[in-house]
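*Asks:* I'd like to ask you about the structure that follows.
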Amino acid sequence: MTQFYELRGAERLAVELACDLNRQGIHADIMSMYSPDLPGVPEATERLLNRGIPNVRFLGMKVHPPLRDLFGAVRRLRAVLSEQRYDVVETSQVSPTVIATWATLTGRTRHVAGLHQVFDRARENSWRHRFWRVSARINRRTRYYAISNFVREAWLEYSGTPAVRTRTIYNAIPDGSFDPEPDPALREELSIPPDARIAIYIGRLASYKGCDVLLDALAPVLEELNLYLLYVGTVDREVAGSEQMVERMQEKVARDGLGERVRFLGYREDVPRLLASSQVLTHPTRMEGFGLTLVEALAASVPVVATDVEGIPEVLENTDSIMVPADDPAAFRQAVIETLGRDAAAAARAASRGRARAEDFRIARRTAAMTALFSEILEDR
């Protein structure tokens, strides 16, 4: 994987899979592309070891490595795979996947690569992505899993690889995400009155996530609805325009006197606790292959308002979640008002349907699907 000192979507899934495999008696180590001396890494390494990960390894690369560094990483990974006699290496994200694709071109170790976003040649066409597409066609032994059917179909068109090499394995959430208890201390911690309502956004603050659209949608009605808007997540500086977007949002908050009702909480590890105290999850993204935070909200019986893009309708199928077009603040505002205005019976029905859908994304189901994939590719070895 890339890093594990700040667990976001793909990184968190990798750690949870490794932990679950070890609980089942399957030896699973974790390897980072980077060095062990980066800020936060020694502490994160200790946490992983305490969670039952047998070994934490490092390839020793720089963050955002140039192309030439990938070739050295391929040699080092190939040596580790041979020395430790690993049966399978699982990767997500482009750089680790490219490295593992070449490191497993020959030898006993098989490679499984996760597809965690919708790939489109008009968007993802950098040298790194073009090299990945070439690599995928050369190493025909690599098998892929997509986090939704939408992502799978997009990958097949994007990569030109045979359909038989890619299957859908949905993302999953840990059991602790189900039915979290509200914590009154949280409102006290955030200085939010007990009678106020909370709309929450959880995810990276990236330009394509529509965080600014959400602010435009809810700013006019925050006081009227007695609503607080919480942004949970860090600025994604790797995505062009994200820092500027957040700066504009903060300027708007200051200019319009919204500092009391709009909060930027940064990275948090207590997402279930935050969700349990919220009245609606808002997800205004312009593109999304899956959306783990959507399932976390459903598991916590929190209603969802999201955009009707890419893989989101697939995830929210058979729920009472409201989906609206992207980049439409007025439609998003109305959907939030409608959601908060549900009577007790409608709210209970929505919570029940949402939680039932969340059951499809239990971590045990994902681990079972992954181990089945591992066993299948090892049979052909």
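The values are calculated or read from the model by the stated rules, or taken from the named source; none is laboratory data. In this text the structure is predicted, and so the values were computed from the model without any measurement. Glycine gets a Cβ as well: all are built from the backbone with ideal geometry, and neighbour counts include every protein chain shown. Heads up: the accessible areas ignore ligands, DNA and RNA and are worked out on the full protein's heavy atoms, side chains in. Shrake-Rupley method; radii C 1.70, N 1.55, O 1.52, S 1.80 Å.
*Asks:* Between SER92, SER126, SER32, find the one with the highest GNM mean-square fluctuation for the chain; connect C-alpha pairs within less than 10 Å.
*Replies:* SER126
*Asks:* Can you work out ³J(HN,Hα) from phi for every residue in the stretch 199-214, in order, using Karplus 6.51 cos²θ - 1.76 cosθ + 1.60 and θ = phi - 60°, giving whole Hz and x for Gly and Pro?
*Replies:* Karplus values, whole Hz, x for Gly and Pro: 9, 10, 10, 10, x, 5, 8, 10, 4, 7, 7, x, 4, 5, 5, 4.
*Asks:* Continuing with this model, one more query. Over the stretch 324-381, give the accessible area per residue in Å² for a 1.4 Å probe, as an integer.
*Replies:* On the way: 2980 Å² over 58 residues.
I get 51 Å² per residue for the stretch 324-381.
*Asks:* Ok, one more. How much mean residue ellipticity at 222 nm does the chain get from its helices, if each DSSP H run of length 4 or more adds -39500 (n - 2.57) and you divide by all residues, to the nearest 500 deg cm²/dmol?
*Replies:* Details: 15 runs with 167 residues, N = 381.
Mean residue ellipticity, 222 nm, calculated: -13500 deg cm²/dmol.
*Asks:* By how many degrees, 0 to 90 and rounded to 10, does the Cα axis of helix 9-23 deviate from the longest principal axis of the chain?
*Replies:* The two axes meet at around 60 degrees.
*Asks:* If a/c stays under 1.5 just call it rounded; otherwise compare a/b with b/c (prolate if a/b is bigger, oblate if not). Do that for the stretch 1-158, with a ≥ b ≥ c from the square roots of the Cα gyration tensor eigenvalues.
*Replies:* It is rounded, given that a/c, with a ≥ b ≥ c, falls under 1.5.
*Asks:* Same structure again: Considering the values [x] 128; [y] 118; [z] 139, which represents volume of the Cα convex hull per residue in Å³ as calculated for the structure under consideration?
*Replies:* So the calculated entry is the one marked [z].
*Asks:* Distance from the Cα centre of the stretch 78-155 to that of the stretch 331-368, in angstrom?
*Replies:* The stretch 78-155 and the stretch 331-368 have Cα centres separated by 34 Å.
*Asks:* Identify which of GLU223, GLU11, GLU288 has the largest mean-square fluctuation in a Gaussian network model of the chain, with springs joining Cα atoms closer than 10 Å.
*Replies:* Among GLU223, GLU11, GLU288, the largest mean-square fluctuation in the Gaussian network model of the chain belongs to GLU223.
*Asks:* Further question on the same structure: Against the longest principal axis of the chain, how steep is helix 344-358, in degrees 0 to 90 to the nearest 10, with axes from Cα atoms?
*Replies:* 0 degrees
*Asks:* Check ASP327: other-chain or 5+ apart residues with amide H under 5 Å from its amide H, H built from backbone geometry?
*Replies:* Placed amide hydrogens put nothing under 5 Å from ASP327.
*Asks:* Under the rule a/c < 1.5 gives rounded, and otherwise a/b versus b/c splits prolate from oblate, where does the stretch 249-349 land using the Cα gyration tensor? All intermediate terms of the calculation are to be shown ahead of the outcome.
*Replies:* Numbers: a/c = 1.40, a/b = 1.31, b/c = 1.06.
Since a/c stays below 1.5, the shape of the stretch 249-349 is classed as rounded.
*Asks:* Also, quick follow-up: Which of the three applies to the stretch 21-104, rounded, prolate or oblate, going by the alpha-carbon gyration tensor with a ≥ b ≥ c and a/c under 1.5 meaning rounded? Show your work: numbers first, answer last.
*Replies:* On the way: a/c = 2.13, a/b = 1.23, b/c = 1.72.
Cα axes put the stretch 21-104 in the oblate bin.
*Asks:* Here's something else I'd like to know. Give a residue-ordered list of calculated ³J(HN,Hα) values for the stretch 277-292 (Karplus: 6.51 cos²θ - 1.76 cosθ + 1.60, θ = phi - 60°; whole Hz; x for Gly, Pro).
*Replies:* 9, 9, 9, 7, 8, 10, 9, x, 5, 8, 8, 6, x, 8, x, 4
*Asks:* Quick one: putting +1 on the C-beta of Lys and Arg, -1 on the C-beta of Asp and Glu, what dipole do you get for the stretch 1-82 around its Cα centre, in Debye to the nearest 20? Could the numbers behind the result be given before it?
*Replies:* Details: 11 positive and 9 negative charges, 64 e Å.
Dipole of the stretch 1-82, to the nearest 20 debye: 300 debye.
*Asks:* While we're here: Residue by residue through the stretch 52-69, which ³J(HN,Hα) values in whole Hz follow from phi under the Karplus form 6.51 cos²θ - 1.76 cosθ + 1.60 (θ = phi - 60°), with glycine and proline marked x?
*Replies:* x, 6, x, 9, 10, 10, 9, 8, x, 7, 6, 5, 6, x, x, 4, 4, 6
*Asks:* How much accessible surface does GLU379 have with a 1.4 Å probe, in Å² rounded to 10?
*Replies:* Rounded to the nearest 10, that gives 150 Å².
*Asks:* Pop the C-beta distance of ARG349 and ASP308 into the FRET formula with R0 = 25 Å and round what comes out to the nearest 0.05. Kindly include the intermediate steps, with their values, before the conclusion.
*Replies:* Numbers: r = 21 Å, r/R0 = 0.85.
My answer for the efficiency is 0.75.
*Asks:* Next question, about the same structure. Taking amide H atoms as placed 1.01 Å from N in the peptide plane, list the residues 5 or more away in sequence, or in a different chain, whose amide H sits under 5 Å from that of HIS116.
*Replies:* HN-HN under 5 Å from HIS116: GLN93.
*Asks:* For a quick check: with amide H placed at 1.01 Å from N, whose amide H comes under 5 Å from VAL235's, ignoring anything fewer than 5 positions away on the same chain?
*Replies:* Counting only residues 5 or more places away or on other chains, the set is LEU205.
*Asks:* Answer with one residue from HIS27, ALA122, ALA79: the one whose Cα lies farthest towards the positive end of the charge dipole of the stretch 11-133, charges on Cβ with Lys, Arg +1 and Asp, Glu -1.
*Replies:* ALA122
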